[in-house]
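The values are calculated or read from the model by the stated rules, or taken from the named source; none is laboratory data. Small disclaimer: the values here were computed from a predicted structure and weren't measured. Cβ placement follows ideal geometry from the backbone for every residue including glycine, while neighbour counts extend to all protein chains displayed.
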Amino acid sequence: MTGPLRERDDAHALLSAEIERARAGSGRLVLLRGASGTGRTAVLETAARHAEDRGLRVLRVRCSPEDTSVPFAMVLHLLGPVPEFTDTAPGGDDRGSAARLWRLLRSYAAEGPVLLAVDDVHLADDSSRRWLTEAARHVDRLPVLLVATERSQYDVDPRPAGLTQALSPSLVRTHTLAPLSDSAAAALVREAFPDASARWTEECVRAGAGSPLLLHALLDDLGGTPHPDGVPPVPDSCAALYPGSYPAAVSWWLNSAGPATADVARCLAALEQAWPTGPPDHRAALRHALPRQRAAAPGAAYRQAPPSDGAYGQTQLSAGGYGQAPPWHGADRQASLSDGADRQASPFGTADRQASAPDAAYGQAPSSDGVYGQAPLSDGVYGQAPSSDGAYGQAPLSDGVYGQAPLDGAYGQAPPSDAAYPQGSVVGAVRRHTHETPTARTRRPRDIAPGCRDVWSADPGGGADPRSPLPGGPGPGAELPEHGPYPHPDELAGPADGVPYPVHGPYDGPYDGRTESAPRAAYGRTGPPAHAPHRTTLWRTPSPPPAQGSAGDPVDVLAEAAGADPARIEGWLAAMTRLGLLRPDEGGRPRYAHPLLRDAVLTGWPRPRREAVHRSAAEAMLRRGDRVEAVARHLLRTPAVGLSWALRVLRDAVTVAVHDARPADAVGYLRRALDEPVSDDLRQRLLTELGSLEYASADTPAAIARLAEAQHLPAEPRNRVRTAVALGTALAGRGEIRTAMEVLRRTEGRLSGHPGLARTVQTATALLSDEDLATRQEVYRWLSETGRHSPELVGTAGQALLVRYAATAALISADEAMVRVRDLLAQPTDPLAEPFLLGTAAAVAQWADELDEAERLVERGLAGQHPALLHPMQHALLNTRADIVASRGDHARLLALAADRGPGPGSGPTNRDAHALMALVHTGRTDEALHYADRFDLREVPENWELNRYLYARGVLRAATGDPAGALHDFLECGRRQAAREVISPVVTPWRTAVAECRLALGGGPEALALATEELRLARVWNTPRTVGRALRVLGTATGGRRGLELAEEAVRTLRDAPADTDMELIPALLAQGRQLLGAGERGRARARLREAAELAERKGALRWLTLAGQALREGGARGPVASRTGADALTGSERRIAELAADGRTNTEIADLLHLARRTVETHLTSTYRKLRIRRRTELPAALERGGRREREPRPGTRC
């Protein structure tokens, strides 16, 4: 170790005083104790040099483990320089030899004071240790100072008794060298690298871990080679260090600790690699972060108090040398020195040195559990449901916990109807270990929320409602087993690998993700106890469960992995934390202070040993009932286990990751699951999920390769359809439409015996054909002809697509379309075709301004979508949701939806991007909109309908920024592309009105009039207030004069009386009418319309239109605020009282009687209230009052009328 000593002034002062005392003729034994790497040798060498400067003769010796078997080896090396030594060689009599050596030392000390410096006395042979102890009893009258260093680090294997065990405190001065504080370590770093930043310095301090040895070695490595930036980065891997002093120092530290401690240290480093990097989820707490009691293991004899040699960590220095006990300690078993001095407990025994044995500090845990106190099973169990197609018959996951049916296995499954997967009780299919006794829980009913359902099941509802009694089982109040069906970790993989696996279902809350709990085994690689007690916990009194993805209790897992005593491991973790080598993370897990330190600990450890540790940890955590992701993270670092439980854990981890929107993690679990031995049928399903999730992780090439592999594996017809739809979606997203069509057609050709499935494939083909003009025309031509002559051949989903086609082609009205769609929704539909039906119906309902119904259909469709399977309707449903939000003018939500964009077809802009761009324009954030538009290079985007929508949005941006020519180009290109797809109606994108407005801005009145007239004709075919009002507005502006005013008035009236929220069209209609009235000289009416437009724009947050309204008002001579006072804060006291009573459900007559008012007065106040709150119906009062109560008013621009 090189470099200056820090925080060793107390030791130097003590030794200086003892040197002066020895010069005065009175000696003593000084014992310097400390952990490996704390600088004991450096302090001893400094004391020896100081003693020489003060005239003392110095005799040095460094003990070695090679000499422990040689009697008096230490003394022989120590007294070797004495001239008379050759005459006093030890003989066979130890007592006589010790006396002769003592006389030699006395005679040598008679010539002058002597310093005997003994380094690493803990490695000395027994004879030398006894001789040194006896010498310490007699040097008080001699000018002899004995200074010895002793390693006092806590090790997993107990060390022999210390040197001072049998000495009186008056004969020995003991000083413990504390680890370096962070401030002292930082000073050393800054001295070596003056230009280092505070962050870099902190990295070095953490990697140094409070050890002067490690810190100096790290600084030597970092300064060993020049770096272009002057200060090299602190790496996470030792491979980046040169010449390698740091890993060599860590290796020496491990070797000095002994093989048992080194093995535990390496096991901890390996396990840490599988722990999550972030803080734990706040939904629960880590077990080892809570005070808890420990269960007495069968090998209780191991749980002894640490030996009475003063092993490190027995006392706690309050002067700041040591940190606090780590948070996984249930009680502090170290005594505390309140005066902060470097005192040690008495060396004469354990009575006044040891506070208590480990078990005395922790107490006893209920031996029947020994695992996490688990939260209750409240709902969402893996119940078994009847299956209509013979696919997986499991009920959905709603809370990620496996609740099985009653123990008698009465699942009551229906026979398969489509020859998919063979049915059978999952519990019956997996042989449970004879020692496993499931934990019973009480579950509470809870609503099922939209989420993931069992996609491999034909049941459109995803399985039985967990609130209902299971078929053949007990009622809702019955207790169900907690988890399952996990076999014992030692059980061989059998038929369960090919048995239907309970996959993902709807989630109603945070997925707990815990695996089956089994009684905890004793430490070491042992099986469960022969008599596992039954454990029952009611949900009313749960213990806090571990956090999501928690690493579990490191003590028990380390004991299992390393085969060591848990009590000793617990003490070692506490000692290493006080030393600074370990630091608890935010979740309370003990981690190495820096990844570089962890890597150094693992350096040179064989890979098979690491894999064995991870497998052992996975088995221990599985038996204990840890969360599935915590177990699965360890399985990621093992080769194939070959046992059924491993595959089940990995698949459940996929469920958790998918539910938490972490597709990359789910991909890792699935890739590892495919390493396990599985049947071709199961491999096909896993590959389909993996390809879907890789697509969600933006790895389209890998996704296509996985799905193509799955396509060529044998599978049941339904699974072939799912795979083909997913592969077609991925290919279409990459622009390979023809290949996607070929895949779907080939799959359809293999379904001759399954007409329902063939119709589903045809529907998917029609939907994906939207991405290619020629293919779309061909597909819809066949679909239209078939639907006209034999509608049953295209199915309900195909007929819904024909309704959509007719709507976009301006062939039917909105009312007729909704009648046909609702009729289709009422008909029975194949579960695989249902997403297509719901998605198409939602789009048609949104176009028809049936926004509430459209929203319900979207939510229903998304609830039926499985997030682990790629499906084209999921993206379509999300687009329809954005259309609904845009129709309502909720700009903030539109921007939030775009931020949570997720994977779309290809890398180009999506429909949500188009809406976000227009939302930025409407809210006056044009600079942000311009930056947003620059994100996409449209030259690289494949042809699809979403590109049309984005071109329209970019045209809106260009028009708002004063570029009508550029906007005209975008709108015309959008119209050209839509016309090529036979999309004529303005329900999708009203490009004609946009082109007409640009023509008017550029002086092209006749062209604008023609386009506006055609738009109105097509709008009246669909005949919704939104489309008709918009077309009337533009036509009125293009027409001008008195007829133009009439058209503008009709547009405003149509939009104002609409049953749906059409404010986003009413605002520009009011602006257009106001400007026309100004041109006609009707300033009073114009200001009223413009002020109404300003009020609506303010309510919607449409700053651009609010600004335009303000400009028009000022042109019309207005001198007041742009918008009248509106909102709840604009209400008078009487209006507020009446509004609140009306919101509570009172009638006008009741309000009049309560407030002693005339009924007419109540009606007048309510009319004024509706105007100020910008509502039309009494039912809107509660929400409007609540909104106004939370909203702060902002000053409005403008001048006074």
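Descriptive notes on the structure:
- Of the numbered criteria (1) part of a loop (DSSP other than H, G, I, E, B); (2) modelled with pLDDT of 95 or more, the one T723 fails is (1).
- When each of F85, F72 is tested for being among the aromatic types (F, W, Y), modelled with pLDDT under 95, closer than 21 Å to S127 by Cβ and in contact with a Ser or Thr (Cβ under 7 Å, 6 or more places away or on another chain), the lone residue that passes is F72.
- Verdict on T46 being surrounded by fewer than 21 Cβ atoms within 10 Å (Cβ to Cβ), closer than 30 Å to W253 by Cα, at pLDDT 90 or above and under 60 Å from the mean Cα position of the chain (by Cα): yes
- Residue list for the range 639-664, filter: among the small types (G, A, S), under 19 Å from V678 (Cβ atoms) and outside any helix (DSSP H, G or I): A640, G642
- A single entry from R976, R1042, R992 fulfils the requirement of being closer than 21 Å to H922 by Cβ and either among the charged types (D, E, K, R) or in a helix (DSSP H, G or I) (or both): R992.
- Residue that is surrounded by fewer than 23 Cβ atoms within 10 Å (Cβ to Cβ) and touching a residue at least 40 places away in the same chain (Cβ under 8 Å), where the choices are D626, D585: D585
- Among the residues of the range 1068-1089, those identified as within 16 Å of R1171 (Cβ to Cβ) and surrounded by 22 or more Cβ atoms within 10 Å (Cβ to Cβ) are L1070, R1089.
- Per the conditions (1) of a type in the set (S, T, Y); (2) under 22 Å from E834 (Cβ atoms); (3) not in a helix (DSSP H, G or I), the sole criterion not satisfied by T765 is (3).
- If you go through the range 153-170 and keep only what is crowded, with 17+ Cβ neighbours inside 10 Å and part of a helix (DSSP H, G or I), you end up with L163, T164, Q165.
- Residue satisfying condition, being farther than 26 Å from A833 by Cβ, modelled with pLDDT of 95 or more and among the small types (G, A, S), within set A673, A702, A657, A664: A673
- Criterion violated by G864 - all others in (1) more than 26 Å from L917 (Cβ to Cβ); (2) of a type outside the set (A, V, I, L, M, F, W, C); (3) at pLDDT 95 or above; (4) touching a Lys or Arg at 6+ places or on another chain (Cβ under 8 Å) satisfied: (3)
- Subset of the range 593-613 [out of contact with any Asp or Glu (no Cβ under 8 Å at 6 or more places or on another chain) and either of a type in the set (A, V, I, L, M, F, W, C) or buried (at least 24 other Cβ atoms within 10 Å of the Cβ) (or both)]: A593, L597, A600, V601, L602, W605, A612, V613
- All told, G1003 meets the bar of being in a loop (DSSP other than H, G, I, E, B) and either hydroxyl-bearing (S, T, Y) or not assigned by TED's automatic domain parsing to the domain that holds A1112 (or both).
- Selection status of A698, among the small types (G, A, S) and without any contact (Cβ under 8 Å) to a residue 12 or more places away in the chain: no
- Residue check, V1034 β-branched (V, I, T), within 19 Å of P1068 (Cβ to Cβ) and either buried (at least 16 other Cβ atoms within 10 Å of the Cβ) or in contact with a Lys or Arg (Cβ under 6 Å, 6 or more places away or on another chain) (or both): yes
- Among (1) assigned to a helix (DSSP H, G or I); (2) out of contact with any Gly (no Cβ under 7 Å at 6 or more places or on another chain); (3) under 30 Å from L180 (Cα atoms); (4) at pLDDT below 95, the one test that R623 misses: (3)
- Candidates G112, G162 - the one that is at positive phi and touching a residue at least 24 places away in the same chain (Cβ under 8 Å): G112
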